[in-house]
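Q: My questions will all concern the structure given below.
Here, each number is a calculation from the coordinates, and none is a lab measurement. Here the structure is a predicted model, which is why all the values come from computation and not from measurement. No Cβ is skipped: glycine too gets one built from the backbone with ideal geometry, and neighbour counts run over all protein chains shown.
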Amino acid sequence: MSIPFRESNPVPIGAAGLAVIGLVLVLAFNIQSIPFIGGGQQYSAAFSEAGGLLKGDDVRIAGVKVGKVRGVDLAGDHVVVDFVVTEKAAFGRQTGASVRMKTLLGQKYLALEPGGSGRLVEGSQIPVERTVSSYDIVNAFTDLATTSEQIDTDQLAKSLTTLATEFRDSPADVRAALEGLGRLSRTIASRDDELRRLLASANRVSGTVAERNKAVESIIKDADLLMAELDARREAIHTLFTNTSAMAEQITGLVRDNRAQLKPALDQLTKVLAVLQQHEKDLNDTIAAMAPFTQLFSNVLGNGRWFDTYIENLTTPVELGGK
């Protein structure tokens, strides 16, 4: 007699369910490794060096993805790249391979170049003679700035054009970028003389700056001393500003509180100044006339706080000796 499902022990059922789910997940993550599901055809290629190519990178024919790289391993003096082709693609027994750039950030892919008749036997290895190692555009332009004056710009334009041609099977964004580099190089070549004059002018400017280096250094040192002195006297300057602000507030309050008394005084002062301005000539004449009197008066008082005077014939002279 069978036991109803609802009355069954849930522990074994749950364990079996978890085991099935785990098995499904393992199969999903390793589906390419299962031969009967369609893991693809296994091949390998030998390179003198495969800098930048990594496991999981694309395998492409004429720019179309047909598989993936499964491993990159060192084998003596060369590198063996194992890859799998999962799509239907025709490539003969003389097929070559090269490592090419997928993005300008340095990501690479393995490019197959079909050649020969028939079909490359599964499990075959493409020899070093039919492979081309990676060409890193970053290294090609590393020293551009330091050698710009020695560059043959016409040759550079031709080189970039050739480079764009070699990358013709790359993705559309890479091809567009390289074509833009080619146009840029041709523009630079057409402006070669102007660029050389610009570099020469920049060289002269840098020379002038170098000659004035001591003066600039002296200015910087003086400015540093000034800032250090201001920092040392920061508290005094702060106190000065605070007291000045307080004094201004006090003066403002004083004027505001005594405005009624100050206004009549200022009005009277204005009238006095007006009278003085009207009699300015008379005052000048008076001062000029008082000049001789002031000089004689100064002479009288020149020996001290008394009048020094002489009165002639005030007394009768007396003869000495009884004569």
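Q: Collect residues whose amide H, placed 1.01 Å from N in the peptide plane, falls under 5 Å from the amide H of Phe91; neighbours closer than 5 in sequence don't count.
A: Hits under the 5 Å cutoff: Leu120.
Q: In addition: Compute the relative contact order of segment 39-135 as a whole-number percentage, counting only Cα pairs closer than 8 Å that sit 6 or more residues apart in sequence. Display every interim value, and only then the final one.
A: Details: 251 pairs, mean separation 35.2, N = 97.
Across segment 39-135, relative contact order equals 36 percent.
Q: Now, a different point. List, in order, the whole-Hz ³J(HN,Hα) value for each residue of segment 56-69 obtained from phi through the Karplus relation with A = 6.51, B = -1.76, C = 1.60 and θ = phi - 60°; use x for Gly and Pro.
A: Running phi through 6.51 cos²θ - 1.76 cosθ + 1.60 with θ = phi - 60° gives x, 5, 6, 10, 10, 10, 6, x, 9, 5, 10, x, 9, 7 Hz.
Q: List every residue whose amide H lies under 5 Å from the amide H of Ile126, counting only residues 5 or more places away in sequence or on a different chain, with H placed 1.01 Å from N in the peptide plane.
A: Ser44, Ala45, Ala46
Q: I would also like to ask the following. List Val64, Val85, Val69 from most exposed to least, where exposure is judged by having the fewest other Cβ atoms within 10 Å. Intermediate values should be presented prior to the final figure.
A: On the way: Val64 11, Val85 19, Val69 22.
Least crowded to most crowded, the residues run Val64, Val85, Val69.
Q: Which far-off residues, 5 or more places away or on another chain, put their amide H under 5 Å from the one on Gly116, with H placed in the peptide plane?
A: Residues meeting the criterion, in which the H sits 1.01 Å from N, are Gln94.
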